[in-house]
Every structure is written in structure tokens, then in C-alpha cells.
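Data first, discussion second: the structure below is written as C-alpha cells.
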Amino acid sequence: MSVLVVGISHNSAPMALLEKVALDGDGVHKLIADAAACEHVSEATVIATCNRLEIYTEVERFHGSIEQISRLLVDRAGQTTEAMLPHLYVHYDDGAISHLFQVAAGLDSMAVGEGQILGQTREALRRGQELGTVGPALNLLFQQALRVGKRTRAETEIDQVAPTLVSAALDQTRSAVGPVAGKYVVVVGAGAMAGLAAATAYRLGAADLVVVNRSPERAQRLADLYQGRPATFADLREEIGRADIVISCTGSSATVIDRSLVEAARAGLGERPVALIDLALPHDIARDVPDAAGVTLVGLAELAELLQGGETGREVQEVRRILGEEVTAFLAARRQASVTPTVVALRSMATAVVDAEMTRLESRLPHLDAELREEIRHTVRRVADKLLHEPTVRVKELANEQGAVSYAAALAELFALDPEAVDAVTRPVGVEEAGA
């Protein structure tokens with residue numbers, strides 16, 4: 001069994017294509033279920049963000065699995081296979097593990113080092129656990145990735161390397177509306193990205209902060225965190241008319257702000273500037289909105305171009321060093337763990353042989369007293385343990401070496417171990433143990 005990742009992101013595809021594969025919560029659940037139902041797949045989950053959709057699976061076969069999983073993304077995009085495949089990427093086994101660690105550390109993000117991806121990785125694990133599609137392999141891998149992501153941020157300043165998407169977008173609008181301090185800022189949405197937008201606007205000194213959401217309760221909760229006030233979608237036109245900056249990130253599958261709404265909101269305002277920031281995928285704001293007088297629009301496509309090449313500097317190199325160390329340690333532990341069931345089965349077989357021989361001896365020499373029988377039993381067991389000690393220690397050491405030889409398989413073959421006895425030793429790893 002090996003880990004297989006098939007994905008599409010801002011690094012491999014234009015925003016127009018990413019918009020076609022964007023999913024809401026229900027869509028993510030369906031994609032996980034569809035991936036788990038594929039032949040040769042035993043575990044599955046999905047990391048879904050505004051600029052990334054990746055399917056993580058534990059598979060028995062590479063070729064059969066990759067075709068089926070890639071088809072899920074092709075079908076979601078509504079594209080031909082020929083048009084879609086150049087934008088998909090595949091990581092397998094060791095490469096898949098390294099990729100997930102990079103994702104969790106923020107090295108593969110549009111804004112290098114951003115912290116949101118840790119929460120999104122945790123959400124992928126939670127969803128898989130909730131659906132019952134994450135088993136011991138992906139559970140252990142994702143728990144380790146989360147630990148590695150936390151370590152890179154604790155030991156380096158990687159989260160300071162590049163601005164967040166919100167900060168970068170606000171920097172882009174500065175020439176049109178000036179700095180955020182003293183401005184009227186409207187945040188549309190109440191999810192994680194909206195929370196980051198509200199926090200950033202508050203930190204930068206926005207004079208007024210309004211949170212617009214379909215759920216009054218969620219709008220109220222977010223607004224209360226940053227001394228803002230809530231509003232509903234019925235108030236959106238009025239709020240756009242008042243705003244200097246509007247940041248929209250709802251996760252809606254339909255356009256939230258179109259040109260007619262903006263023009264109606266700004267009727268009579270002339271050329272007074274307003275900056276609209278669209279951090280949603282699919283787009284919340286219609287692409288023709290900038291045609292309205294005084295309107296500046298910044299979206300993910302512009303930010304992707306702006307942030308391209310941000311992966312430089314000492315902090316990134318230090319994170320790469322940590323990741324290399326962590327990947328090496330994880331792979332070594334995984335290889336060593338792979339021989340444990342065989343070693344346990346071998347020792348169980350030796351115990352069974354000792355017990356059988358002792359039973360035979362006792363039947364032939366019934367006059368032996370209990371103390372002598374026990375001494376003989378201990379002696380035979382010590383002999384068996386000493387004979388097995390060096391081979392079992394060496395097989396664990398050799399398992400750490402990369403190569404084509406499967407020492408566990410060789411051991412099982414040499415001692416004619418029952419495959420079912422080996423498999424019986426394997427057990428699921430719980431969340432607490434995996435995260436320890």
C-alpha cells in the first residue's frame with residue numbers, strides 16, 4: 001500500500017481552470033466519497049482551498065488508481081482529458097509524503113508560509129475521519145504533517161516571508177484608495193478567509209468594519225471579535241455605497257456582487273474610488289465590475305502574479321532543511337514499522353514451537369516435577385530468543401535502508417510465516433497515538 005496524491009493548484013493551472021474545480025463543503029464530501037469508492041483505494045481525503053484541490057489516497061496499485069482519481073478531477077472541471085491532464089500533478093509514495101509536508105509548512109502556498117493551510121490540512125483530516133474514509137495510513141501521515149507544519153513555524157519565521165493574501169490585496173489597492181487606516185471596510189462572508197480579512201482590516205486601523213453574511217448569527221460573531229457591526233445581504237447595496245474597501249470571500253457557487261449592484265450602490269457618487277477585493281473561488285465579484293466608474297478590482301489571478309517568486313531567502317532554506325529531516329525520519333520509521341508485524345509473527349511462531357516441544361517432552365517424561373519442567377521451559381525459550389535476537393534486530397536496521405529488497409518478505413519466506421498471522425499484528429493507529 002502506498003500514498004498517491006493527484007491535484008491541481010495555482011502552481012499548475014490558471015485561475016480560470018481552478019474556478020471550474022472549486023467545491024463547497026458538500027462537494028468536498030462527495031469527492032472524498034467518490035475517491036474512496038475507486039478500485040484499489042483503501043483510504044481517501046481531500047485538501048480543498050481557494051487555490052488548491054488535492055486528492056490524497058492510500059492505494060494498492062498506482063496505474064489503475066491514478067486513472068480513476070484523475071478522472072474525478074477531469075469530470076469536475078468539465079474539460080476534455082487532453083485539456084486537463086497538463087494541469088494535474090501526481091506524487092506517489094515518498095514523493096507524496098514530501099509534498100504534503102511542504103503543503104503543511106506553507107512552502108507550496110500562493111503566499112509562502114501562510115498559516116491558513118494548517119487549518120485546511122486539519123480540516124481534510126477531520127472530514128476523512130468523519131466520513132470514515134481515513135484509516136491508519138492517512139491518519140498517521142496527516143497527523144505528522146500537522147506536527148511538521150507547526151514545527152516549521154515555531155523554529156523559523158517562515159510566516160513572515162510573504163504577506164497574506166489579504167495583506168497583499170490591500171497593498172495592491174493602496175494606489176486607488178490609500179491605506180486602510182481610517183477607511184470604511186466591508187467584509188462579505190464569515191468563514192476563515194473572511195475572519196482573516198476582518199482581523200487584518202482591524203489591525204491596520206479601519207475606522208468602520210462591517211461584516212455581511214447570510215447568517216446574522218455568524219456575522220454578529222465575527223463582527224464582535226473586531227469591534228465591527230453585522231449586516232445582511234439585504235444591506236449589501238447600501239454598504240457598498242458607503243465603503244472604501246470591500247473584501248468578498250463567501251464560498252458561494254454564484255456571483256455575489258455584479259456590475260448592476262455596484263452601479264446601483266454608487267449612484268450619485270461619481271468618481272469617488274472604491275476598491276473591491278475578490279478572494280473567493282469561484283469568483284464572488286463579476287469580472288466586468290471594474291468598468292463602473294471609480295472601481296478598482298483585485299482578484300486571485302492578480303495576486304498569483306504578484307506573489308509569484310516569493311519563495312526565496314534564509315527562512316525558506318531553513319524550512320526546507322527541516323522538511324528534509326522530517327521526511328527522512330518519517331520514511332525510516334515507516335519502513336521499520338513495516339517489518340514489525342513479521343518480527344512479531346516470527347516470535348509468536350517460535351513461542352508456539354517451544355510450547356509444542358515442551359508438551360511433547362512432558363508427555364514422554366511425566367515424572368519431571370513442576371520446578372524442573374519450568375526451568376527447562378525457560379531454558380528453551382532463552383535459546384529461541386537468543387537465536388532470533390540478532391536476525392530481528394538486523395532486519396529492523398536493514399529496513400531503514402532504501403532499496404528494492406523487502407527484508408520483511410524475505411524473513412516471512414525463509415521461516416514460512418503464515419501471511420494471516422502477519423496481517424493480524426497490524427492494527428489501526430488512533431488520533432492521539434499518531435499525534436504523539
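Worth a mention:
- Put simply, the amide H of TYR56, placed in the peptide plane, has neighbours under 5 Å in THR45, VAL46, ILE47, leaving out anything fewer than 5 places away on its chain.
- Taking the C-alpha atoms only, the angle from helix 314-364 to the longest principal axis of the chain is near 30 degrees.
- Net charge dipole, the range 2-161: roughly 260 debye, given to the nearest 20, about the Cα centre with Cβ charges of +1 for Lys and Arg and -1 for Asp and Glu.
- Ascending count of other beta-carbon atoms within 10 Å, so fewest first, for ILE285, ILE376: ILE376, ILE285
- Across the options ALA96, LEU72, ASN139, the greatest Cα extent toward the positive end of the charge dipole of the range 2-161 (unit charges at beta carbon of Lys, Arg, Asp, Glu) belongs to ASN139.
- Residue (of THR296, GLY270, PRO230) at the positive-pole extreme of the range 165-307, dipole from beta-carbon charges: PRO230
- Aspartates and glutamates whose Cα lies under 19 Å from that of LYS386, excluding same-chain neighbours fewer than 8 positions away: ASP355, GLU357, GLU374, GLU375, GLU397
- Taking ALA197, ALA399, ALA219 as the candidate residues, the one with maximal mean-square fluctuation in a Gaussian network model of the chain, Cα springs under 10 Å, is ALA399.
- Computed from the Cα positions only, the extents of the range 2-161 along the three principal axes stand at 42, 36, 28 Å, in decreasing order.
- Considering only LEU53, LEU23, LEU261, the Gaussian network model of the chain with Cα springs below 10 Å gives its largest mean-square fluctuation to LEU261.
- Around the Cα centre of the chain, unit charges on the Cβ atoms of Lys, Arg, Asp and Glu (plus for the first two, minus for the last two) sum to a dipole of about 580 debye.
- Here each label is just a point 7 Å from Cα along the line to Cβ, and for ASP418 and ALA16 those points are 6.3 nm apart.
- Across the range 270-281, rounded Karplus estimates of 3J(HN,Hα) from the backbone phi angles (6.51 cos²θ - 1.76 cosθ + 1.60, θ = phi - 60°) give x, 8, 4, x, 9, 9, 10, 10, 10, 10, 9, 9 Hz, Gly and Pro being marked x.
- Relative exposure of LEU17, LEU125, judged by other C-beta atoms within 10 Å (fewest first): LEU17, LEU125
- Selected from ILE117, LEU361, ALA410, residue furthest toward positive end of dipole (the chain; charges at beta carbon): ILE117
- The long axis of helix 62-77 is offset from the longest Cα principal axis of the chain by roughly 20 degrees.
- As a proxy for reagent exposure, ranking LEU236, LEU331, LEU222 by other Cβ atoms within 10 Å from fewest up yields LEU331, LEU236, LEU222.
- Basic side chains Lys and Arg get +1 at the Cβ, acidic Asp and Glu get -1 at the Cβ, and with that the dipole of the range 88-140 about its Cα centre reaches some 180 debye.
- Applying 1/(1 + (r/R0)^6) with r as the Cβ-Cβ distance of VAL393 and ARG147 and R0 = 30 angstrom yields a FRET efficiency of 0.60.
- Separation of alpha-carbon centers, the range 21-85 and the range 201-241, rounded to whole Å: 36 Å
- Given the choices (1) 19.9; (2) 26.9; (3) 24.0, mean projected area of the Cα convex hull in nm² derived from the coordinates of this structure is entry (2).
- Each DSSP beta bridge with both residues in the chain is either parallel or antiparallel, and the antiparallel ones are about 50%.
- Full-stretch length increase - ALA37, ALA192 - with 0.36 nm per residue and alpha-carbon distance subtracted: 52.8 nm
- Approximating the spin labels as points 7 Å out from Cα along Cα→Cβ, the HIS63-to-GLU305 distance works out to 4.3 nm.
- Separation of the LEU269 and LEU361 label points, Cα + 7 Å toward Cβ, nm: 9.3 nm
- Selected from GLU239, GLU305, GLU263 as most flexible by GNM, with the chain as the system and alpha-carbon contacts under 10 Å: GLU305
- Using alpha-carbon coordinates, inclination of helix 370-399 to the longest axis of the chain, degrees: 40 degrees
- Across the range 2-161, C-alpha contacts under 8 Å between residues 6 or more apart give a mean separation that, scaled by the residue count, equals a relative contact order of 28 percent.
Since every read-out is calculated from the coordinates, none of them should be taken as a lab result. Everything numeric in this text was worked out from a predicted model, so none of it was measured. Please note: Cβ atoms are built from the backbone with ideal geometry, for glycine as well, and neighbour counts cover all protein chains shown.
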